[in-house]
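Asker: Following this message is one structure expressed as structure tokens.
The values are calculated or read from the model by the stated rules, or taken from the named source; none is laboratory data. Worth saying up front: this structure is predicted, and the values here are computed from it rather than measured. All Cβ positions, glycine included, derive from the backbone under ideal geometry; neighbour counts span all protein chains shown. All accessible areas refer to the heavy atoms of the entire protein, side chains included, with ligands and DNA or RNA removed. Shrake-Rupley method; radii C 1.70, N 1.55, O 1.52, S 1.80 Å.
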Amino acid sequence: MPSSPELLRRPHESASQSTDDASAELTPSPRSSSSASTDGLPIIDGAEGYELRPLARLDDATTRPGNNNGLGVPYEEDTSLLPSPRRFSTSSVQSYELYTPDEDRAVLRKLDRRLVSFMAVLYCLSFLDRSNIGNARIAGLADDLNLSSKEYSWLLWAFYITYILFEWMTLMYRIVPAHIYISVCILSWGIVASLQSIATSFGFLLFLRALLGIGEAAFGPGVPFYLSFFFRRHELAFRTGLFISASPLSASFAGALAWLITKIGEHGPLSPWRLLFLVEGFPSVLIAVWAWDFIPDGPESAKWLNPRQRKVAVLRLRQEKENEKEDHVRERYDSESKSRKGLDFREILQTLKDPKCYLTAFMFFSCNVAFSSMPVFLPTIIRDMGYTAISAQAMSAPPYFFAFVIVITTAYYSDRLQTRSIFIMLHSLLATAGYSTIAISGHYKSPNTTIRYLALYPATAGFFSAITIIITWTINNQESDSKKGTGIAMLNIIGQMGPLVGTSIFPKEDGPWYVRGMGICACFMLLVGVLAAVLRIVLKAQNNKMWKEKERQVQYAGIPLEEGGNVKGEHTPFEFML
């Protein structure tokens, strides 16, 4: 790390300029224990920390030596064009290296291994507890409780109705400390999921499914928003992909586990479906105790990072804060200003009036029609292809494992190429092709079950991958935490209405071909691609408009540009990710 402030000299300044120039000078800060300057801005602490102090400006009538153009005309300095000390102090973090690339990579790896993997485990348990009712259905639940096709649909609707009604709880990540909030969520759904094993009637099980929806609504939809507290914008898709990929992985694991539990339960004191609910529900109760101590509220409070790594975890995010307003910078990164943590209701209203918010929400709605129906109906669909119930449990695992691999791959390349819409459109077409193949085969009553089964692979991988990128795209294109939280809440409030459609399109009467359900899923997945293309066009037009407006301002003011087209000392305009 350089120790001389001379390295921060602007390119147009010469080394021969005297110290009485009207410019900002870096001087050692006498306040080693303070994190904010007198004007409220954060400064760089430590032994080599500097803060910016403007020197007294020269009078308008003062002549600067060597700058009278040979005409003897006094030099008049236009102070409006001088760089602002406030502005320069913000960018000094980027100019003055505070940590090494090795430290950056080490912190990122530890965040991935500890935080993201733990969130993935939690989501795996969450998805397992919501979708295992599909395995329980063919393991004896429908027979023991005398459930009709309509009553089974109501068990699915009860979960999603409360899930939708309590989506607003995503915003609680900005109010309640994360380690408390997440732990309570895990404990609540773990207890409810376990209690399903003692259900003796349709009414009691319906009540438990409604409670399960509340517990999971408070957790899952807000996790990508929570991860944005730790990762940069261009890193988020891969981490969200790792998190979301837990759903197909858990579904794959659930199929194999359901097969094992069903085999064991056939000769045990408990019915297989009761044992299934208990074995898959109770681990969440145990994990909740661990989560209380393990989950950090922010990068500065992660106990599994050493003090230096915690500091780097905060500093590595500050490269993006120039794209945010200064109050958002302080709100998000100043760990000493706890009173500022909360919601900006003005920004919430702005997000609610933004049409882009609703485009992503309806994409999510369309994707959720397939996402919600496949996990709870896949064992039944495979069984109705002519396989036994136990074989259907096992055969439901491979499509989900394939989806897990594709989700990770898609998320990685989406971050690497810094594009979202292209991957959404690609997987939209793949899923449409898969569902269409099953629907057409069913329409002509093709006896070839192999084609129908193989078509499940692109269909499953398509909607899981598309959902991952849609969630990330929504977070990427919101400028502040309040906007991100509102965007995610709206995404889920509208998007989670899709399962109300998806869970009712595979009635028992449509078996074994399920042409109508497959056709509906194909249409909605095609709509996802169309909406992604429309949103890409809208965002690209807004980006072009923003840069043209910036260029006009620069030409009018006559201010020199830095490389990349930015005004010297100005914050980089927020650019929407395509």
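Asker: Tell me yes or no: at least one residue of the stretch 484-495 is modelled with pLDDT under 90 and either among the polar types (S, T, N, Q) or not assigned by the TED database to the domain that holds Met374 (or both).
Answerer: yes
Yes/no matrix, rows are residues, columns are (1) farther than 21 Å from Thr503 by Cα; (2) within 19 Å of the chain's Cα centre (by Cα); (3) assigned to a helix (DSSP H, G or I); (4) not assigned by the TED database to the domain that holds Ala533:
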| position | (1), (2), (3), (4) |
| --- | --- |
| Cys367 | no, yes, yes, no |
| Pro379 | no, no, yes, no |
| Phe404 | yes, yes, yes, no |
| Val407 | yes, yes, yes, no |
| His427 | yes, yes, yes, no |
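Asker: Right, another one. Considering each of Leu128, Leu111, Leu115, Leu141 in turn, give the residue that is crowded, with 18+ Cβ neighbours inside 10 Å, under 24 Å from Phe401 (Cα atoms) and modelled with pLDDT of 90 or more. Step through it out loud before you land on a result.
Answerer: Numbers: Leu128 fails: modelled with pLDDT of 90 or more; Leu111 fails: under 24 Å from Phe401 (Cα atoms); Leu141 fails: under 24 Å from Phe401 (Cα atoms).
Just one listed residue meets the conditions, Leu115.
Asker: May I ask you to verify whether Leu456 is closer than 16 Å to Tyr435 by Cβ, assigned by the TED database to the domain that holds Met374 and either touching a residue at least 12 places away in the same chain (Cβ under 8 Å) or touching a strand residue (DSSP E or B) at 6+ places or on another chain (Cβ under 8 Å) (or both)?
Answerer: The answer is yes for Leu456.
Asker: As an exercise: evaluate Val285 against (1) under 11 Å from the mean Cα position of the chain (by Cα); (2) surrounded by fewer than 23 Cβ atoms within 10 Å (Cβ to Cβ); (3) not aromatic (Phe, Trp, Tyr) and give the number of the one condition it does not meet.
Answerer: (1)
Asker: Of the residues that make up the stretch 306-320, is at least one outside any loop (DSSP other than H, G, I, E, B), over 13 Å from Leu111 (Cβ atoms) and open to solvent by less than 20 Å² (accessible area, probe 1.4 Å)?
Answerer: Checked the stretch 306-320: at least one residue is outside any loop (DSSP other than H, G, I, E, B), over 13 Å from Leu111 (Cβ atoms) and open to solvent by less than 20 Å² (accessible area, probe 1.4 Å).
Asker: Going through the stretch 251-310 one residue at a time, which ones are more than 30 Å from Ala136 (Cα to Cα) and of a type in the set (D, E, K, R)?
Answerer: Asp293, Asp297, Glu300, Lys303, Arg308, Arg310, listed by residue number.
Asker: Another one. Out of the stretch 381-423, which residues are open to solvent by less than 10 Å² (accessible area, probe 1.4 Å) and either aromatic (Phe, Trp, Tyr) or without any contact (Cβ under 8 Å) to a residue 12 or more places away in the chain (or both)?
Answerer: Tyr400
Asker: On to the next question. Please work out which residue is farthest from Phe277 (Cα to Cα), limiting yourself to the stretch 147-173 and to residues that are open to solvent by 40 Å² or more (accessible area, probe 1.4 Å), of a type outside the set (Phe, Trp, Tyr) and part of a helix (DSSP H, G or I).
Answerer: Met172
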